[in-house]
2 protein chains.
Amino acid sequence: MKELETHLCFGGTLTVYEHESAVLGCTMKFSVFLPPQARDGDVTLLTYLSGLTCTYDNFTTKAGAYGFAAAHGIAILAPDTSPRGDDVPDDEAYDFGKGAGFYINATRGVWAQHFKMEDYIVKELNALVCKEFSVLDGKQGITGHSMGGHGALTLGLKYPETFTSISAFAPIVAPSQVPWGEKAFTGYLGDDKEEWLKHDATALMQVAGKRTDAPEILIDQGGGDDFLDEQLKPHLFADACSSAGQKLTLRIHNGYDHSYYFIQSYIEDHIIHHTNILTEKS
Amino acid sequence: MKELETHLCFGGTLTVYEHESAVLGCTMKFSVFLPPQARDGDVTLLTYLSGLTCTYDNFTTKAGAYGFAAAHGIAILAPDTSPRGDDVPDDEAYDFGKGAGFYINATRGVWAQHFKMEDYIVKELNALVCKEFSVLDGKQGITGHSMGGHGALTLGLKYPETFTSISAFAPIVAPSQVPWGEKAFTGYLGDDKEEWLKHDATALMQVAGKRTDAPEILIDQGGGDDFLDEQLKPHLFADACSSAGQKLTLRIHNGYDHSYYFIQSYIEDHIIHHTNILTEKS
């Protein structure tokens, strides 16, 4: 693990690292914010997964999250969205290949070798971060935006032993039913739609049954988001949560779009959401 | 004036505009954040001037300022740092020509035609913004970073009828005495150092005499800033303020660098500084 840049920020430290990922077979970058409280002991950890075309850098520079993270004493990990480098295959489209890993393990074609983002995020990177930094590996939350919101919901639901608290900004909640997801899942997983449902938050919730003990999930969605009706469809997940007994707060914010101006406007609420769940007396 | 993009942000609106500048003889971009309070009447205005290599975009996307601006009801204008476009001359260096206008009116060589950033900021753009938006032209503050901190201090001191409140992040306080300023002033103004002193915050303060009625100036400086000792030298301005009777708060923050991670850590204090002065009962 190599440090590329580090900055004091709100009394904590924001650092960008590079490391060799065995799972992805390439060099990856990520950022970690450690709040000032991490100097005195382990703190809770929030993983933020970015959307299509993004790297670790979008959230790191644009989300305005670190002041709130410092105030609440939570660390934030921002990984990249796909494997990287000249040896990794790519596609011309913005919504497939590099920058569009969809947080799943690809099984098809040229993608199967490197595009193992589910294992990378949940296993390799998580273990590395929990080992190298002052974070509590039993007190973690996960959030994300758009494709990363899909990642946060699905990985959060599939790995409750790792991620206790879940939230998302403008998530793709039902990738099996929308163009972005259909294209990615066909390319990475093939045509078997049963396989797709293992990576679809709405489908996961539909088969989960009663989950009344699970912590509340928070979703914020801009009402003026250009992708809302065709790609995001949060009501599908809300309906599934309702049927399953999963507590969900879904907020539609009139006029807000899909940008980081939306995310920065509500990131404090997400940090409070995760902090409240992760620090709850049990 | 053409709107390029607009986003809801913390209940206000962040909009990027393009306009034809008669003063600069080129097309320019800038951003304006209007807090939610601007819907109910005119609000105070803060102009933020960026540093070398920046455009309006750096502050706009990275400073994390708009949540605080919304809370305190102040609008923020972020202009570009130089004239732009294919017809504008440039220099290969990062610290001269495009991206390095230094907020002065050039008088020499190929620069004299377009590089009139002082007139652009103080006259043309200020008049446009005061005319087009719900802002109080008698209640304005100015701030900036590095080269833009030099701009904020000098334009604030030279135009008190326009800018009531002044602050800066890591400003070049004495351009006549440091390499960045010597290079820019030689190129834009020529070799006459008397001319330079009209655009040097420390020199302006040295000749200002007693200014005990002027509002306090706030300067934040990172103690780990790589440019501190060679280019910034805030103690020179602090000494001049002390001699002139100008109230100054100069804070050196151990370990903080020259980046927007530093700016975002202290931008709230600057917004409060300007708001307190601009909304003071008189």
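Here are the numbers for this structure:
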item: Check on B:PHE262, under 19 Å from B:GLU182 (Cβ atoms) and aromatic (Phe, Trp, Tyr); result: no
item: B:ASP137 being of a type in the set (Asp, Glu), away from every other protein chain (no Cβ under 14 Å) and either in contact with a helix residue (DSSP H, G or I) (Cβ under 7 Å, 6 or more places away or on another chain) or without any contact (Cβ under 8 Å) to a residue 60 or more places away in the chain (or both); result: yes
item: Helices (runs of 4 or more DSSP H) contained in region B:152-240 and holding at least 1 residues small (Gly, Ala, Ser); result: B:179-189, B:201-208
item: Lone qualifier among B:ASP269, B:ASP226 - being within 14 Å of chain A (Cβ to nearest Cβ), within 26 Å of B:ALA69 (Cβ to Cβ) and open to solvent by 10 Å² or more (accessible area, probe 1.4 Å); result: B:ASP269
item: Condition check for A:THR81: within 30 Å of B:ALA65 (Cβ to Cβ), crowded, with 18+ Cβ neighbours inside 10 Å, in contact with a Gly (Cβ under 7 Å, 6 or more places away or on another chain) and more than 14 Å from chain B (Cβ to nearest Cβ); result: yes
item: Some residue of region A:130-142 being open to solvent by less than 20 Å² (accessible area, probe 1.4 Å), in a loop (DSSP other than H, G, I, E, B) and modelled with pLDDT of 95 or more; result: no
item: Among the residues listed as A:SER50, A:SER31, the single one being out of contact with any Lys or Arg (no Cβ under 8 Å at 6 or more places or on another chain), crowded, with 20+ Cβ neighbours inside 10 Å, of a type in the set (S, T, N, Q) and touching a residue at least 60 places away in the same chain (Cβ under 8 Å); result: A:SER50
item: Matching residues in region A:54-66 - criterion: being closer than 23 Å to A:MET117 by Cβ, touching a residue at least 24 places away in the same chain (Cβ under 8 Å) and within 14 Å of another protein chain (Cβ to nearest Cβ); result: A:CYS54, A:ASP57, A:ASN58, A:PHE59, A:THR60, A:LYS62, A:ALA63, A:ALA65
item: Among residues of region B:241-266, those that are more than 13 Å from chain A (Cβ to nearest Cβ) and either part of a helix (DSSP H, G or I) or over 21 Å from B:ALA201 (Cα atoms) (or both), counted; result: 4
item: Qualifying positions in region A:188-198 - open to solvent by 20 Å² or more (accessible area, probe 1.4 Å) and either under 17 Å from A:LEU157 (Cβ atoms) or touching a helix residue (DSSP H, G or I) at 6+ places or on another chain (Cβ under 8 Å) (or both); result: A:LYS193, A:GLU195, A:LEU197, A:LYS198
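Yes/no matrix, rows are residues, columns are (1) within 14 Å of chain A (Cβ to nearest Cβ); (2) over 18 Å from the mean Cα position of the chain (by Cα); (3) over 19 Å from B:CYS130 (Cα atoms):
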{"position": "B:LEU8", "(1), (2), (3)": "yes, yes, yes"}
{"position": "B:THR13", "(1), (2), (3)": "yes, yes, no"}
{"position": "B:VAL16", "(1), (2), (3)": "yes, no, no"}
{"position": "B:HIS19", "(1), (2), (3)": "no, yes, no"}
{"position": "B:ALA22", "(1), (2), (3)": "no, yes, no"}
{"position": "B:CYS26", "(1), (2), (3)": "no, yes, yes"}
{"position": "B:GLN37", "(1), (2), (3)": "no, yes, no"}
{"position": "B:LEU52", "(1), (2), (3)": "no, no, yes"}
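The values are calculated or read from the model by the stated rules, or taken from the named source; none is laboratory data. Fair warning: this is a prediction, and the values are worked out from it, not measured in the lab. Note that each Cβ is placed from the backbone with ideal geometry, even for glycine, and that neighbours are counted across all protein chains shown. Each accessible area value is taken on the protein alone, full model and side chains, heavy atoms only, with ligands, DNA and RNA left out. Shrake-Rupley method; radii C 1.70, N 1.55, O 1.52, S 1.80 Å.
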